[in-house]
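Contents: one structure, followed by commentary.
The values are calculated or read from the model by the stated rules, or taken from the named source; none is laboratory data. Predicted model, so just to flag it, every value in this text is computed and none were measured. When we count neighbours, we look across all protein chains shown, and the Cβ atoms used for this are built from the backbone with ideal geometry, even at glycine.
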Amino acid sequence: MAMTSTFSKRAAGQRLTQFVIEDAMRLRQRANEGAFVVWIGVAVPAELFAGFDNVVYAVPESHAALCAAKGVGAQQAEKAERLGYSTDLCSYARIDLGTAFDGGNGSPIFGLPRPDLLVSDNNNCALLCKWFDVHHREWGVPHVVLDVPFCYERQQPADTAYIAAQLRDLVDTVAQLSGQRFEIDRVREAVKHSCAALQLWKQFLDLARDRPAGISAFDSFVQMAPIVSARGSERLVAHLQRLVEETRQQIARGEFPVADERYRLLWDGIAPWPQLRKMFGRLAAQGANVISASYTYCIGSLEGEIALFAYHGEEPIDYLARLQNATVCPQGMALRIAAMRRAISHYDVDGVIFASNRSCKVYSLMQIDQMRRIREAVPIPCVMIDVDHADARKYAEEAVFSRLEAFLESIDDARA
Ligand code: SF4
């Protein structure tokens, strides 16, 4: 079988763009027609809003990532910096604040429709709550903060109950502010769709287990967008179903992201949105493929796991509360290491890139210790590089690649 290299899954890539544009247009149109608009942190369970007739949600972090991926992140961030926001703040926050203060100008989708309610959570980071507070003060919009306990071990039942109680309060708040009725059965349906979608997501990620890997993590980074914008919807399930089928067909035809794959790498950190294509290309030229990432394998998995935490018909709010720990940020060192060790083994990885990111301290703070412990425990070659998830000004390509090249040599040395 002849093997070829591809980055862009052409049909899937085009459909993804269409999906993102249609979602943005649908959101804008429904907001214009009077829907109640909620801005949420990415981990806030959006399925809850499906319980109302006419509530829509937007995710500023996702919008900031889109700006960064489209090359306008720095320009939007500068608008906030000119108003005094420090360049040390999260670049997503600076992009969002800069865009909002400039009325959506410069954004690929003209920004987000003004919110009626802001909902942040502190399981990703406290900065998110302060960031949403700026909008709360500027626009006089109510702001609900969900308090999610940090976890050094699996979530305790008392913590699940504590989070679930806050989610029920959130439902009451939305009902009161929007004047709309809430139906839990509609949330149940949305949770079923989310679970079906995440099952397909795990299947997609598992296409990296082949040799050569059938996907790159750079594919999975971009394909995360609909999981954020269309949670709980049937169209998300259909999109991921086609993505998995098409990728399987590509593999059957002998098309791989890096056909002459010599290094199978794991990425720890947020996607480097402004550098995706170029970084993929330079690594691929050396036979290296980043086949897995903590940023993508944590989706739908509980603490320290990479397998799906499936929905089995339990009370949907309890399930959504339990899933609040399904991102890397609220997890302590031991859980992060446990999940990474599983991923290293499951995807048969040769080395780990720790992408230290000064503007996301919560993801980066533990990385030095985590890298040391992974090296000791597995053992496996590791490298730490400096990136920023959305601010291209903070990335020094040649310095990063000299480290990456030395890292690939260290993998060769480890094999010798
Ligand atoms: S600092 Fe990190 S976790 Fe917090 S909003 Fe920014 S990217 Fe997300």
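Miscellaneous remarks
- S356 being modelled with pLDDT of 95 or more, away from the ligand (no atom under 16 Å from the Cβ) and of a type in the set (S, T, N, Q): no
- When residues of region 380-401 are limited to those that are hydrophobic (A, V, I, L, M, F, W, C) and within 15 Å of the ligand (Cβ to nearest atom), the one nearest to G351 (Cα to Cα): V387
- All of A334, A307 fail the test of being assigned to a loop (DSSP other than H, G, I, E, B) and surrounded by fewer than 21 Cβ atoms within 10 Å (Cβ to Cβ), apart from A307.
- Residue match in region 67-80 (condition: assigned to a loop (DSSP other than H, G, I, E, B), within 14 Å of the ligand (Cβ to nearest atom), of a type outside the set (S, T, Y) and not assigned by TED's automatic domain parsing to the domain that holds Q275): no
- Residue in region 229-243 that is touching a strand residue (DSSP E or B) at 6+ places or on another chain (Cβ under 9 Å) and part of a loop (DSSP other than H, G, I, E, B) present: yes
- Evaluation of Q370 against (1) within 15 Å of the ligand (Cβ to nearest atom); (2) in contact with a Phe, Trp or Tyr (Cβ under 8 Å, 6 or more places away or on another chain) (one fails), failing number: (1)
- Considering region 90-108, and only residues there that are in a loop (DSSP other than H, G, I, E, B) and touching a Leu at 6+ places or on another chain (Cβ under 7 Å), the residue that is farthest from the ligand (Cβ to nearest atom) turns out to be P108.
- Which listed residue, of R154, R168, is in a helix (DSSP H, G or I) and surrounded by fewer than 17 Cβ atoms within 10 Å (Cβ to Cβ): R168
- Any hit, region 81-93, residues being more than 30 Å from Q324 (Cβ to Cβ) and in contact (Cβ under 8 Å) with a residue 40 or more places away in the chain: yes
- All of Q241, Q203 fail the test of being free of Cβ contacts under 8 Å to residues at least 60 places away in the same chain, closer than 22 Å to Y347 by Cβ, within 20 Å of the chain's Cα centre (by Cα) and surrounded by fewer than 22 Cβ atoms within 10 Å (Cβ to Cβ), apart from Q203.
- The listed residue being within 26 Å of L198 (Cα to Cα), more than 19 Å from the chain's Cα centre (by Cα) and away from the ligand (no atom under 16 Å from the Cβ), out of V141, V56: V56
- Residue within region 111-127 that is without any contact (Cβ under 8 Å) to a residue 24 or more places away in the chain, part of a helix (DSSP H, G or I) and surrounded by 15 or more Cβ atoms within 10 Å (Cβ to Cβ) present: no
- Only a single criterion out of (1) touching a Cys at 6+ places or on another chain (Cβ under 9 Å); (2) farther than 30 Å from S86 by Cβ; (3) at pLDDT below 95 is not satisfied by A339, namely (3).
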